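One structure is given here, and the rest of the page talks about it.
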Amino acid sequence: MAHVSKLGAMQRREFLKRASALSVAGTAAPWALQLAAINDVAAATVGSGDYKALVCVFLYGGNDYANTVVPFDVASHQAYADIRQTLALSREALSATALQPTVALPDSRQMALAPGLSALMPVFDQHRLAVMLNIGTLTQPTTLAQYKAGSVPLPPKLFSHNDQQSLWQSSNPEGAVSGWGGRMGDLMLGGNGNATFTCVNLSGNSVYLAGNQAFQYQMGVNGATAVYGTSRPLFGSQACADLMRSLITDPRSHWMEAELNRVTARSIQAQSVVTNALAGMTLQTGFDTTSSLSQQLQMVARMIGARGSLGVSRQVFFVSLGGFDLHDNLMSVHPTLMGQLGGAMASFDAALRELGVADQVTTFTASDFGRTLSSNGDGSDHGWGSHHLVMGGAVRGGRFYGTAPSVSVNGPDDVGQGRLLPTTAVDQLAATLALWMGVSPTDLPRVLPGVTQFSARDLGFMG
């Protein structure tokens, strides 16, 4: 172990990160090394004690904003229906989900949620749900004239799935090595009794939860992923399983082997901690067992319920739902996706209230980008700005935040085909959530380097 003492912590971490890239350690597969087990020592700049959690619900593929939060007043709906034609939801279909915000939109504008989100209507009416209007990736505040003139820097590779997913999650295009959820986790590690469970991913792997020090703990909807061959007899032999455990956990003389085995042992121990903590954590709230998103959020709720046993006071979670790249079949597929989203989020809200932590957990939706308001016949194409939801007991809900865009194509608020030019930046949303989580204003640039380009860093939707 003398060799290890000569190796800096950063070098050891880099070795393990590179080792993960050469194996399946980047996924929650049976042979996976949980790199979150590296998280043993870190300085805390976000206080411990009171519990708070942030949950990102990522909608992969680019969610269609116009059929998620829909123009409802007569004039706006008519403009929307004239543009969308085969894709428009009728006012009759929207009547049960027409929103009655506490602060009205200008010009008597009204909006409705997609019918599939009807389960969230009570959450909005009880002021635990807010709607973020026209939010997206921005490098700095940008007007339509500046966009057309090319006079300000724009987010790189607009309308590209991978790059815009990465920009939403990390503020950088594809290839980013850390995300703003993980960088927030960096500041929380030392405040948690068990740093391993600071960043928890129920959806495989994402740059959102990758920190410079924090690593994401990956698990499935059924709980922690066991290292194959250590939790039960291997090839029918307990002796074989014991030998496997010894090979991958015993101390070694070479620093690489020693470091790898040390983290593997901690990974196995973490799996045991999670399994034992969840064994006593059941919920009365029902979740849809046929919905992947619902099952992911159920496990998040159970992890939050077990927070005392896990030894955490701050956590960031990531869950996801795919299937939103609807260039066609939008009207047959999108309502089903909305139903899954609305049902899962409503059940999660109910579970948090059951646990008595609704005020301590904030959930928000995100996606690659919005889509075009114009139709390609059977679907919509890649866009930019979009509408999103923020939910939680600390949310100043029952209202809209941001600016409602014009319902038009090639109008004052879009860059063509109804691709919205965002009026609110992802960095501003992220900064507001980070401040609520306890990140100090002076530490915000550590989490969101680009936030310095925006004067408004607290959008006011958190209590």
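Test each condition in (1) of a type outside the set (A, V, I, L, M); (2) open to solvent by less than 60 Å² (accessible area, probe 1.4 Å); (3) under 23 Å from A404 (Cβ atoms) for P141 and report the one that comes out false.
(2)
Identify all residues within region 282-293 that are surrounded by 18 or more Cβ atoms within 10 Å (Cβ to Cβ) and either touching a His at 6+ places or on another chain (Cβ under 8 Å) or under 24 Å from T196 (Cα atoms) (or both); write none if there are none.
Once the filter is applied, which keeps residues that are surrounded by 18 or more Cβ atoms within 10 Å (Cβ to Cβ) and either touching a His at 6+ places or on another chain (Cβ under 8 Å) or under 24 Å from T196 (Cα atoms) (or both), region 282-293 yields only L293.
Got at least one residue in region 168-175 being open to solvent by 20 Å² or more (accessible area, probe 1.4 Å) and either within 16 Å of the chain's Cα centre (by Cα) or at pLDDT 95 or above (or both)?
yes
So which pairs qualify, if the first residue must be in region 305-332 and on the phi > 0 side of the Ramachandran plot, the second must be among the polar types (S, T, N, Q), the Cβ gap must be under 6 Å, and the two must be at least 6 apart or on different chains?
Correct list of pairs: G311/N194.
Have a look at A366, A344 and point out the one that is open to solvent by less than 20 Å² (accessible area, probe 1.4 Å), in a strand (DSSP E or B) and either more than 17 Å from S292 (Cβ to Cβ) or not β-branched (V, I, T) (or both).
A366
Suppose we keep only residues that are under 30 Å from L167 (Cα atoms) and touching a Lys or Arg at 6+ places or on another chain (Cβ under 9 Å) within region 209-245. Which one would you say is most open to solvent (accessible area, probe 1.4 Å)?
Step by step, filter region 209-245, then rank; the result is N212.
Quick one: is M338 farther than 26 Å from L133 by Cα, open to solvent by less than 10 Å² (accessible area, probe 1.4 Å) and out of contact with any Lys or Arg (no Cβ under 6 Å at 6 or more places or on another chain)?
no
Got a number for residues in region 425-460 being open to solvent by 10 Å² or more (accessible area, probe 1.4 Å) and either polar (S, T, N, Q) or part of a helix (DSSP H, G or I) (or both)?
Within region 425-460, residues that are open to solvent by 10 Å² or more (accessible area, probe 1.4 Å) and either polar (S, T, N, Q) or part of a helix (DSSP H, G or I) (or both) number 15.
For the list (1) farther than 30 Å from V55 by Cβ; (2) among the β-branched types (V, I, T); (3) open to solvent by less than 10 Å² (accessible area, probe 1.4 Å), I need the number of the one condition that V263 fails.
With (1) farther than 30 Å from V55 by Cβ; (2) among the β-branched types (V, I, T); (3) open to solvent by less than 10 Å² (accessible area, probe 1.4 Å) applied to V263, the lone miss is (1).
Looking at region 188-208, I want the residues that are farther than 18 Å from A434 by Cα and modelled with pLDDT under 90 and have a partner that is in a loop (DSSP other than H, G, I, E, B) and among the hydroxyl-bearing types (S, T, Y) with Cβ atoms under 7 Å, at least 6 apart or on another chain. Which pairs are those?
From residues that are farther than 18 Å from A434 by Cα and modelled with pLDDT under 90, the pairs are G204/T27; N205/T27.
Residue by residue, here is whether (1) in a loop (DSSP other than H, G, I, E, B); (2) within 29 Å of the chain's Cα centre (by Cα); (3) under 25 Å from K52 (Cβ atoms); (4) of a type in the set (K, R) holds:
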{"position": "M256", "(1), (2), (3), (4)": "no, no, no, no"}
{"position": "E259", "(1), (2), (3), (4)": "no, no, no, no"}
{"position": "M281", "(1), (2), (3), (4)": "yes, yes, yes, no"}
{"position": "G286", "(1), (2), (3), (4)": "yes, yes, no, no"}
{"position": "M299", "(1), (2), (3), (4)": "no, yes, yes, no"}
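The values are calculated or read from the model by the stated rules, or taken from the named source; none is laboratory data. Quantities reported herein were computed from a predicted structural model and do not represent experimental measurements. All Cβ positions, even for glycine, are placed from backbone atoms using ideal geometry, and neighbour counts span all protein chains on display. Calculation scope for accessible area: heavy atoms of the full protein, side chains included, ligands and nucleic acids excluded. Shrake-Rupley method; radii C 1.70, N 1.55, O 1.52, S 1.80 Å.
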